[in-house]
Amino acid sequence: MDKGILPYRSGVGLMLINREGKIFCGERRDTPGAWQMPQGGLRKGEPPEEAALRELKEEIGVDGAEIIGRTQTPLRYDFPDFLEHRSVYRGKYRGQEQHWFALRFTGDDTEIDLVAHNDHEGPEFTAWRWCSPPDMLANIVPFKRAVYEAVLAEFAPLFQA
């Protein structure tokens, strides 16, 4: 099937910001050395705000966060060809269209739990750390870089808040 006619998978992306203005970044289980912010799919009929809080809990165990920003429009990226052989979305989606949210982390680091709330596939992340915006960009996979640059630019005023 022509990848260009496939739809985008609807989802959310989450920029969790701590009190020091650092961003949560996790190392992907399936791609060692690739760090990213949490993200996940929208369930049918689920409001994006609900999905954002649900995914935050499922992927990193966090309840202590409040939404402080949302991108004006959803952002898209295409799946690269080299992922086709291992993607569960193979032949279903061209890429992802995500509503991005900025969240202020109101808990403490002990709340972060990468394994307690994941499904049968295992944890999304194997390690985590707090990153500066430039560090986040330096460690994202190239096919998501444009989305991350747009998210960081739109949410930049929140780092000073």
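Worth pointing out:
- For segment 14-59, the square roots of the Cα gyration tensor eigenvalues, ordered a ≥ b ≥ c, give a/c of at least 1.5 with a/b no greater than b/c, which places it in the oblate category.
- Top of 144, 57, 92 by mean-square fluctuation, Gaussian network on the chain, Cα under 10 Å: 92
- Share, in percent, of DSSP beta bridges within segment 3-160 that are antiparallel, nearest 5: 70
- Candidates 31, 126, 110: whichever shows maximal mean-square fluctuation once the chain is modelled as a Gaussian network with Cα springs under 10 Å: 110
- Gyration tensor verdict on segment 3-160 (Cα atoms; rounded if a/c is under 1.5, prolate if a/b is larger than b/c, oblate otherwise): rounded
- Fluctuation leader among 102, 146, 51 - the chain, Gaussian network, Cα springs under 10 angstrom: 146
- For the pair residue 135 and residue 78 in one chain, pulling the backbone fully straight at 0.36 nm per residue adds 18.2 nm over the alpha carbon distance.
- Stretching the chain fully between residue 149 and residue 30 yields a gain of 40.6 nm (0.36 nm per residue, less the alpha carbon separation).
- Residue-averaged 222 nm ellipticity for the chain, from DSSP H runs of 4+ at -39500 (n - 2.57), nearest 500: -7000 deg cm²/dmol
- In summary, the aspartates and glutamates within cross-link reach of residue 144, defined as a Cα separation below 18 angstrom excluding same-chain residues under 8 places away, comprise 27, 30, 78, 81, 84, 97, 124, 135, 154.
- In a simple Cβ point-charge model (Lys, Arg +1; Asp, Glu -1; nothing else charged), the chain has a dipole of about 500 debye relative to its Cα centre.
Every number here is computed from the coordinates shown, using simple stated rules; none is lab data. This one's a predicted model, so the numbers in the text were calculated from it and none came from an experiment. Every residue, glycine among them, receives a Cβ derived from its backbone with ideal geometry; neighbour counts consider all protein chains shown.
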